[in-house]
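Okay, structure first, notes after.
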Amino acid sequence: MRKILSILWHYWLTQRRQFASAEALHDWQDKRVQKFLKKVLAKSPFYAAYYQGLDIEEWETFPLMNKSLMMENFDRLNTVGITQVEAMAIAQKAETTRDFRSTLGPYTVGLSSGTSGNRGLFLVSQAEQRAWAGTLLAKALPQSIFTHQRIAFFLRANSNLYETVQGQRIEFEYFDLFKPIENHIARLNFYEPTVLVAPASMLRLLAEALMRGELAIDPIRIVSVAEVLDPLDERVIIQAFGQKVHQLYQCTEGFLATTCPEGTLHLNEDILVIQKDYLDRAAGKFSPIITDFNRVTQPIIRYRLDDVLTERSEPCSCGSVLTAIEHIEGRCDDIFYLSSRRRSQRVPVFPDFIRREVILSSDVIQEYAVVQTQPETIQVFLKLPVEAWTTVTVKIENALQTLFEQLGCDRPTIFFRPYEGRSQHDKKLRRIRRDFQV
């Protein structure tokens, strides 16, 4: 009963929390962060030393945190005395056995997917799990929490964190991305979910199965998670299910954004702070710096993600003061860097620029990937009708080279290859990718 009441409390708090202006939101955040820091700095030996002598009122300029620094100082950073060795042992055992129920005392241990090459650990207390569950349900459910829902959740790894949403009216069924899709289709047809949550690439496969008549489900909400929602995949998913695709932007460092009723992604600035480290201010492109004033077990303070987000230039019609996001582009590691015609340093080319030129080149493109393999070499992988190959590749070549010229880049060599498909759906799909270090 205590668990249910706690979840309902956070559900209610999230739904009722409104801000009259961006200034009111910022003032509220500032008070919450200062109160949080006064409590947590005394409990974390690492942060106490890292911020020693600094004025809490100036927290917005505190030194940054990142994944490598967090993992290097994991033992002294968390506030409950759990070591990296024991946490990693629990997390790796769960990955191997595919049994994610183990805990370290009252704490859930998780392991990030490691898209950037570095896997990160996270710790969550039972109280933090309940707060997360109530907030998630308030932001993601298509109807009231008291309405019966059957949620199908596709992820690389399950967690006690996700199982927290299970209740009398909320059914939760985990689908392991390591399993064959044929198994998923049979289970989905039996389960008949009202809410379908999965990475965009899996939603695309399920949409295609639906159009072939193999899948027979009719969820009232489709939610994309874990991967960039590419417009090519979004188009197929909408066509199959006949509804817009919502998004949840979440990572081990926090629950960062959700889609509003108008279909716009908004930062969850009502539950954490997201500062913007601008990569291109004119284009609205930034990397988020997170301060989560609700997580005490493993504090997330001024943590810079390597993701690239683009903010909307116009406010959303829903009226929310929470920052509206045009799209999530991917990771900073996916930014292309090409030689400049005018200076010695390389020119950054954001993933969205590449994605847009490819997709707008032709409506017959079924699948694609663009990889910068060397500083002056790009490979484009395409799946499309054979008879359209020459026409489409010429259009893409011209579109990309025009883009590069407009950005002041030297012309790279572009090779075209047939799209080879994906052998593993437990890995995040990255359609735009750079395969070398700058």
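Examine segment 206-219 for a residue that is of a type outside the set (Asp, Glu), under 26 Å from residue 433 (Cβ atoms) and open to solvent by less than 50 Å² (accessible area, probe 1.4 Å), and state whether such a residue exists.
For segment 206-219, residues of a type outside the set (Asp, Glu), under 26 Å from residue 433 (Cβ atoms) and open to solvent by less than 50 Å² (accessible area, probe 1.4 Å): present.
With respect to residue 34, determine if the residue is assigned to a helix (DSSP H, G or I), touching a strand residue (DSSP E or B) at 6+ places or on another chain (Cβ under 7 Å), polar (S, T, N, Q) and within 30 Å of residue 316 (Cα to Cα).
No: the conditions fail for residue 34.
Say whether the condition of being of a type in the set (A, V, I, L, M) and modelled with pLDDT of 95 or more is met by at least one residue in segment 285-293.
Yes.
Looking only at segment 173-192, count every residue that is touching a residue at least 60 places away in the same chain (Cβ under 8 Å) and either part of a loop (DSSP other than H, G, I, E, B) or loosely packed, with under 12 Cβ neighbours inside 10 Å (or both) and tell me the total.
So the answer is 2.
Would you point out the residue of segment 57-109, among those that are small (Gly, Ala, Ser) and surrounded by 12 or more Cβ atoms within 10 Å (Cβ to Cβ), that is nearest to the chain's Cα centre (by Cα)? Spell out the reasoning first.
Initially, segment 57-109 is screened for residues small (Gly, Ala, Ser), giving 68, 81, 87, 89, 91, 94, 102, 105.
Then drop every residue that is not surrounded by 12 or more Cβ atoms within 10 Å (Cβ to Cβ), which leaves 87, 89, 91, 94, 102.
Values: 87: 23, 89: 25, 91: 21, 94: 22, 102: 25 Å.
Checking each candidate, the answer is 91.
Of everything in segment 317-369 that's of a type in the set (Gly, Ala, Ser), assigned to a loop (DSSP other than H, G, I, E, B) and within 25 Å of residue 259 (Cβ to Cβ), which residue is most open to solvent (accessible area, probe 1.4 Å)? Let's see the steps before the verdict.
We begin by selecting, within segment 317-369, every residue of a type in the set (Gly, Ala, Ser); these are 317, 319-320, 324, 330, 339-340, 344, 361-362, 369.
With assigned to a loop (DSSP other than H, G, I, E, B) added as a condition, the list becomes 317, 319-320, 339, 344, 362.
Filter once more, keeping what is within 25 Å of residue 259 (Cβ to Cβ): 317, 319-320.
Numbers: 317: 97, 319: 60, 320: 47 Å².
By that ranking, first place goes to 317.
Taking into account only those residues within segment 70-87 that are part of a helix (DSSP H, G or I) and in contact (Cβ under 8 Å) with a residue 60 or more places away in the chain, which is nearest to residue 253 (Cα to Cα)?
The qualifying residue nearest to residue 253 (Cα to Cα) is 70.
For segment 296-325, enumerate the residues that are of a type in the set (Asp, Glu) and either free of Cβ contacts under 8 Å to residues at least 60 places away in the same chain or under 19 Å from residue 397 (Cα atoms) (or both).
Selection gives 307, 311, 314.
Is it the case that segment 273-284 has a residue that's free of Cβ contacts under 8 Å to residues at least 40 places away in the same chain and buried (at least 19 other Cβ atoms within 10 Å of the Cβ)?
no
Which condition does residue 53 not pass, out of (1) surrounded by 15 or more Cβ atoms within 10 Å (Cβ to Cβ); (2) at positive phi, if it passes all the others?
So the condition that residue 53 fails would be (1).
Condition check: β-branched (Val, Ile, Thr), closer than 22 Å to residue 431 by Cα and more than 24 Å from the chain's Cα centre (by Cα). Does residue 365 satisfy that? Spell out the reasoning first.
Details: β-branched (Val, Ile, Thr): yes; closer than 22 Å to residue 431 by Cα: yes; more than 24 Å from the chain's Cα centre (by Cα): yes.
Taking the combined requirement at face value, the residue satisfies it.
Output the number of the condition that residue 21 fails; it satisfies all remaining conditions of (1) surrounded by 16 or more Cβ atoms within 10 Å (Cβ to Cβ); (2) touching a residue at least 24 places away in the same chain (Cβ under 8 Å).
(1)
The values are calculated or read from the model by the stated rules, or taken from the named source; none is laboratory data. Everything numeric in this text was worked out from a predicted model, so none of it was measured. With ideal geometry, Cβ positions are generated from the backbone for all residues, glycine too; neighbour counts draw on all protein chains shown. Heavy atoms of the whole protein, side chains included, go into the accessibility calculation; ligands, DNA and RNA do not. Shrake-Rupley method; radii C 1.70, N 1.55, O 1.52, S 1.80 Å.
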